[in-house]
C-alpha cells in the first residue's frame, strides 16, 4: 500500500473531528452561557461519553489536541468552557450549595447543566486540576450521572492550602503551551473578579471525604499525578489519599500542564485507566 493511501484514514478522521469543533453549542447554565462541543469518533469503543472537565483558566482550545487524541482512540468527548459572565442560579440551588465553596458550586452546576441539556444520562469524566473539585461536587449531588472518573493533577487533595501557595505553584510550571497561556489571559480578562474568587475557592477546596462517598457508591475513581507537578505535588497528595477512596493512584513522569503539552502520552494513559475501570463493572452496572 502506498504511503498516501495508508494515510487516508488518519486524514479522514482529522477532517471529521475538525468539523465537529466548529459546531459549538451554547447552553444556559448556573454561571451564564456555556460553550460546548460534542466530539464523536469515527469508530466508538464505548457507549458512554467522556466529559472533559477543564482546569482553572482553561478552555476547549487549551485541550483541543487532548480531546482529538481521545476521539482518535474511540472516545466520544464532551468539552465545554465555563461561563465568564452571568448568574442563573435558582434560590434552591443557592441554598443547597451553601456547604460548598461558592465558585466551585457554580462550576459543579455548570457541569450538571451541560450534561442535562446535551441529554447525557451517564458519563465517564477526565477532570484536570480545578476540574477535579467541581466534578466531584457534581457527582456527589447527582452520582447516578457518573460511571468512572479520572482525576489528572487534581486540586482538593492537598490538605490545608492557600491562594498564594497555589499561585506560586502554577507560576513554577515549565511545560505550559502558548495556547494555554493565551487562553488563561483571555479567561481572566473576561471577568477578573470571578477568576480571583474561583482561585480563592480552589485553594479552600477539599474533596477527600466526597471521594469516599463516591467510591462507596460504585463510581470508579483513579488519580493520575505528575511526579514534577509544582501546583499539586504528588508527595502531598499521597499523604491525604487513603484506602477506600480510590481505585488507583498512578504516578507518571511530567508536570501539571502535560495533559495539554503532550496529550499523545497522557491521554493514552487516561484512556487506558477508563478502560480498566470499565472492565471492573458488571454488565448490569454498565
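Against the conditions (1) in contact with a strand residue (DSSP E or B) (Cβ under 8 Å, 6 or more places away or on another chain); (2) modelled with pLDDT of 95 or more, where does residue 105 fall short? Just the number, please.
Every listed condition holds for residue 105 apart from (1).
Look at residue 164 and say whether it is touching a helix residue (DSSP H, G or I) at 6+ places or on another chain (Cβ under 9 Å), without any contact (Cβ under 8 Å) to a residue 24 or more places away in the chain and farther than 16 Å from residue 226 by Cβ.
Yes, satisfied.
List every residue pair whose Cβ atoms sit under 8 Å apart, with the two residues 6 or more apart in sequence or on different chains, where the first one lies in the stretch 87-106 and is assigned to a loop (DSSP other than H, G, I, E, B) and the second, anywhere, is modelled with pLDDT of 95 or more and surrounded by fewer than 16 Cβ atoms within 10 Å (Cβ to Cβ).
88/28
Just checking, which of 100, 63 is within 22 Å of residue 155 (Cβ to Cβ) and touching a strand residue (DSSP E or B) at 6+ places or on another chain (Cβ under 7 Å)?
After applying the criteria, what remains is 63.
Whether any residue in the stretch 11-34 is in a loop (DSSP other than H, G, I, E, B), under 24 Å from residue 149 (Cα atoms) and modelled with pLDDT of 85 or more is what I want to check.
For the stretch 11-34, residues in a loop (DSSP other than H, G, I, E, B), under 24 Å from residue 149 (Cα atoms) and modelled with pLDDT of 85 or more: present.
For the stretch 16-31, what are the residues that are more than 15 Å from residue 117 (Cα to Cα) and within 18 Å of the chain's Cα centre (by Cα)?
Within the stretch 16-31, 21 is the sole residue that qualifies.
Restricting the search to the stretch 125-137, which residues are within 12 Å of the chain's Cα centre (by Cα) and either surrounded by fewer than 24 Cβ atoms within 10 Å (Cβ to Cβ) or assigned to a helix (DSSP H, G or I) (or both)?
Result: 130, 131, 132, 133, 134, 135, 136.
Can you say whether residue 72 is buried (at least 17 other Cβ atoms within 10 Å of the Cβ) and farther than 24 Å from residue 35 by Cβ, as far as the supplied structure shows?
no
What single numbered condition from (1) within 23 Å of residue 21 (Cβ to Cβ); (2) crowded, with 24+ Cβ neighbours inside 10 Å fails to hold for residue 117?
So the condition that residue 117 fails would be (2).
Which number in (1) closer than 26 Å to residue 73 by Cα; (2) loosely packed, with under 14 Cβ neighbours inside 10 Å; (3) out of contact with any helix residue (DSSP H, G or I) (no Cβ under 7 Å at 6 or more places or on another chain) marks the one condition that residue 227 misses?
(3)
Please name all residue pairs, on different chains or six or more residues apart, with Cβ atoms under 7 Å, provided the first residue is in the stretch 15-39 and is free of Cβ contacts under 8 Å to residues at least 12 places away in the same chain and the second residue is in a strand (DSSP E or B) and surrounded by fewer than 16 Cβ atoms within 10 Å (Cβ to Cβ).
26/33
Considering each residue of the stretch 202-224, count those that are within 23 Å of residue 163 (Cβ to Cβ) and exposed (fewer than 15 other Cβ atoms within 10 Å of the Cβ), and give that number.
1
The values are calculated or read from the model by the stated rules, or taken from the named source; none is laboratory data. Note that the structure is a prediction, hence the values are computed from the model and not measured. Note: ideal-geometry Cβ built from the backbone for every residue, glycine included; neighbour counts use all protein chains shown.
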